[in-house]
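Here the structure is laid out as structure tokens; the discussion comes afterwards.
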Amino acid sequence: MRNSFNNVLIESARKDDSIVLLVGDIGFGVFDSFRKEFPNRFFNVGVAESNMIGLAAGLSMSGFKPVVYTIIPFLVMRAFEQIRVDLCIQNLPVILVGVGGGLVYDTLGPTHHAIEDLSIMRSLPNMHVLTPCDPQEVMLSLKDSFSHQGPTYIRLGRGGEENLLTKDSIKNRKPSKLNLIRNGEDVLFISCGSILKEAILATDILSTDFKCGLINIHSLKPLDIDSILGQIGSYKFVVTVEEHSVIGGLGSAIAEIIAQSSFNVQQLMIGVPDTISTQIGKRDYLLKQHGMDASSIAKRVKSLLLIEKS
Amino acid sequence: MKLPELNNLEDISKEIRLRVLDIVYRTPGGHIGGCYSVTDILVTLYYGVLNHNPKNPKWTDRDYLILSKGHCCLALYSILERCGYFDKTFLEQYSCDGGILGGHPKKDDAPGIEATTGSLGHGLSIGAGIAWAHKLKNKSNRVFVVLSDGEMNEGSSWEAMMFASQKKLDNLTIVIDNNKLESLDLTDNILSNEPLDERLEAFGWSVKRVNGNKHSEILGAILPELHQPGKPIAIVADTIKGKGVSFMEGNTKWHYRKLKPNEYEIALEELTSARNA
């Protein structure tokens, strides 16, 4: 994801000389090519994230298009009030790129996990919140962001992610619109971000017994509410899968929609429970611990559907 | 463009204090103590230093002023009104239902308001960003940020201080309204900033310390040629909170308080006498 982001950033910067990149002493080697091509438009402003957001606001107010990059907790949580006041209240087109969404900084521990960011960011008026699932969507998300006249938050993984969406799917993708991956009848999966892979695998596991629908949400805000409702309407069960706390993220956003609809739908929320993830281990291990890997998801969904059948 | 009243700064300050009193008394209230400590600083900047044009607020060659101590916006509003950025209807509805101007400045709510402030510790980073942007564009606009001494308790202020000296932003000037009182107590009893001038120098700034209620001293310290090239400029302006009204001066009670009728009458008489003297 990081490399895709870098490639599109370079491509965009070639076309628009007002684009500048601010980093908070993060991203070793990631931006070497950007830095080489645009040495006067790459700024490491130090481990001072609150100041970094204020600087980005000032640059934006003076005609630049700042892209701000650092690890999510330091960006979203440390500098939250600057994001709220300087960017959202002033409604400035600054692009915030957070790296390390979910549990991808696994063994670095809970200080570096990012499981509350979507909840925080989607509560902010004027903010767009994008959750690309693979490198292809990262490229499109960054392009979308440059056309938004207010602030945008893009949540990246760590790097090395594989492409999950088909070429057709990418070709037909529209900004802020949901992406239908699979039609079904028994249960509708809704996912966002790179954990979409686990959702795809879970539907594969379940496919012998159930017809599972699957949609991918790359824009958590604005949310494609009408299309989501159009999909949910034909199901009795919805499963949301996100690499985030079960409080305030994708699952909550979908629950808010369902609660305000006339549909009689039951929702299972797969995500990090309301707990600090203190276990030590790689991402796959942590996902399993929280029941978020494909086989655990399939098992949880199967029990739910079997209870209904009985 | 510089406005012509350079010799009347003291008279303008007296008028501004009366206008602030008038608005604070008739409306839900405001931070009158800090407004009165910062009045002389803002009057000096708007009428003696800033290159600005009230008839063309977004003029690209203008100097910028960000009131980072946004709670003292009534002083700013009164000066913008007097400069001609907007007419009296704006301020007459201050903090009223459906009004335009509220208790903290919001960018573009009225012409001349450059940034949204009120949460302390934000304005200097934004100002540094604007100053930096103009350096990158090789433009000579100056950026002024007015801070409170209490605001220097905020860590983000010092992050911005480091950045400005690192980038040699000598187009950036801060004026610290050092009235020595925060909301509840003396700054020295809470989180002392002193020796403030020495601390600022240690952060790489060119610093002068003046009486911030004397226009001539502020003017005499703020000219860029008086400072070291390549360094951002800091003016520590020692002021008196509540300056101009005897019972408010140096009194924590008047950080934010609505005036009773008898208090209003005394304040009005003192400020009117000063203006007519």
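The values are calculated or read from the model by the stated rules, or taken from the named source; none is laboratory data. On a predicted model such as this, the values are computed, not experimentally measured, just so you know. Neighbour counts are summed over all protein chains in view; Cβ atoms, including those assigned to glycine, are modelled from backbone coordinates with ideal geometry.
Here are some notes:
- Total residues in the stretch B:53-80, condition surrounded by fewer than 23 Cβ atoms within 10 Å (Cβ to Cβ) and either in contact with an Asp or Glu (Cβ under 8 Å, 6 or more places away or on another chain) or among the polar types (S, T, N, Q) (or both): 3
- Selection from the stretch A:170-200 of residues that are more than 18 Å from the chain's Cα centre (by Cα) and either in contact (Cβ under 8 Å) with a residue 40 or more places away in the chain or closer than 20 Å to residue A:210 by Cβ (or both): A:182, A:183, A:184, A:185, A:186, A:187, A:188
- Assessment of the stretch B:66-80 against the conditions (closer than 30 Å to residue A:17 by Cα, of a type outside the set (Gly, Ala, Ser) and modelled with pLDDT of 95 or more) yields at least one matching residue.
- Count of the stretch B:155-189 residues, restricted to those that are more than 22 Å from residue B:76 (Cα to Cα), within 12 Å of chain A (Cβ to nearest Cβ) and not hydroxyl-bearing (Ser, Thr, Tyr), is 11.
- Failed item, numbered, when residue A:101 is tested on (1) more than 16 Å from residue B:156 (Cβ to Cβ); (2) out of contact with any Asp or Glu (no Cβ under 7 Å at 6 or more places or on another chain): (2)
- Residue ranges of helices (runs of 4 or more DSSP H) in the stretch A:1-118 with at least 2 members under 28 Å from residue A:246 (Cα atoms): A:2-15, A:49-61
- Failed item in (1) within 26 Å of residue A:287 (Cβ to Cβ); (2) modelled with pLDDT under 95; (3) of a type in the set (S, T, N, Q), with residue A:234 passing the rest: (1)
- Among the residues here, residue A:240 qualifies as under 15 Å from the mean Cα position of the chain (by Cα), outside any helix (DSSP H, G or I) and touching a residue at least 40 places away in the same chain (Cβ under 8 Å).
- Test result for residue B:112, at the interface with chain A (Cβ under 10 Å from one of its Cβ atoms) and either buried (at least 19 other Cβ atoms within 10 Å of the Cβ) or modelled with pLDDT of 95 or more (or both): no
- When residue B:131 is tested against the conditions (1) crowded, with 23+ Cβ neighbours inside 10 Å; (2) touching a strand residue (DSSP E or B) at 6+ places or on another chain (Cβ under 7 Å); (3) more than 8 Å from chain A (Cβ to nearest Cβ), the lone failure is (3).
- Being more than 14 Å from every other protein chain (Cβ to nearest Cβ) and within 13 Å of the chain's Cα centre (by Cα) holds for only one residue in B:65, B:74, B:101, B:91, and it is B:74.
- Unmet requirement for residue A:127, which otherwise passes all of (1) under 17 Å from the mean Cα position of the chain (by Cα); (2) exposed (fewer than 15 other Cβ atoms within 10 Å of the Cβ); (3) not polar (S, T, N, Q): (2)
- Hits in the stretch A:35-75 - residues which are buried (at least 24 other Cβ atoms within 10 Å of the Cβ) and more than 9 Å from every other protein chain (Cβ to nearest Cβ): A:67, A:68, A:69, A:70, A:72, A:75
- Of all residues in the stretch A:94-113, those satisfying the criterion of being without any contact (Cβ under 8 Å) to a residue 60 or more places away in the chain and either surrounded by fewer than 19 Cβ atoms within 10 Å (Cβ to Cβ) or more than 14 Å from chain B (Cβ to nearest Cβ) (or both) are A:95, A:96, A:98, A:100, A:105, A:108, A:111, A:112.
- Here residue B:123 fulfils each of the conditions (1) within 13 Å of chain A (Cβ to nearest Cβ); (2) surrounded by fewer than 20 Cβ atoms within 10 Å (Cβ to Cβ) apart from (2).
- When each of B:245, B:207, B:236 is tested for being part of a loop (DSSP other than H, G, I, E, B), surrounded by 13 or more Cβ atoms within 10 Å (Cβ to Cβ) and of a type in the set (A, V, I, L, M, F, W, C), the lone residue that passes is B:245.
- The criterion of at least 1 residues that are in contact (Cβ under 8 Å) with a residue 40 or more places away in the chain and of a type in the set (Lys, Arg) is met by the following helices (runs of 4 or more DSSP H) wholly inside the stretch B:7-110: B:9-26, B:73-83.
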